[in-house]
Amino acid sequence: MSCTKYFYIKVSKKKNNNLVKLDNYPLSIGRNFDELYRALLAMQTADAFEVACPADWRPGDDVIVPTAGSCGTAKSRMEDKENLDCKDWFFCTKKLDKDLVLKTILKD
């Protein structure tokens, strides 16, 4: 079967290049460029800010903060009501300004 493939490769000067994501689309199924671009922005944001981006994430939406590595970090996160929105000790989100995200990942 013929198909269209999209490869997302992380190019690094310090480390080996990595295949980050691979999409396969049969020619009989349309491709959604908006979703391809959204995924690329999400991967670049996750890498630049060391966060995770939830499904359907767009620049300016909340991002997921990595799990706390210690009880002390978890406690301080639960007390930080200004910068983080913690549902529980292991799941916190934070806001990332859309302009900051775009300025950081869309370098000339």
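Listed cross-link partners Lys5/Lys87; Lys21/Lys81; Lys15/Lys98; Lys21/Lys103; Lys10/Lys81; Lys21/Lys98 are compared with a 31 Å cut-off, the Cα-Cα value being larger for Lys5/Lys87; Lys21/Lys81; Lys10/Lys81. For segment 51-108, the Cβ-based charge dipole about the Cα centre amounts to some 100 debye (Lys, Arg positive; Asp, Glu negative; other atoms uncharged).
Volume per residue for the chain equals 152 cubic angstrom (convex hull of Cα atoms). Relative to its residue count, segment 51-108 spans a Cα convex hull of 89 Å³ per residue. Mean-square fluctuations from a GNM of the chain, with a 10 angstrom spring cutoff on Cα atoms, peak among Asp85, Asp97, Asp34 at Asp34.
Since every read-out is calculated from the coordinates, none of them should be taken as a lab result. From a predicted model like this one, the values you see are computed outputs, not experimental measurements. Cβ: placed from backbone, ideal geometry, glycine included. Neighbour counts: every protein chain shown.
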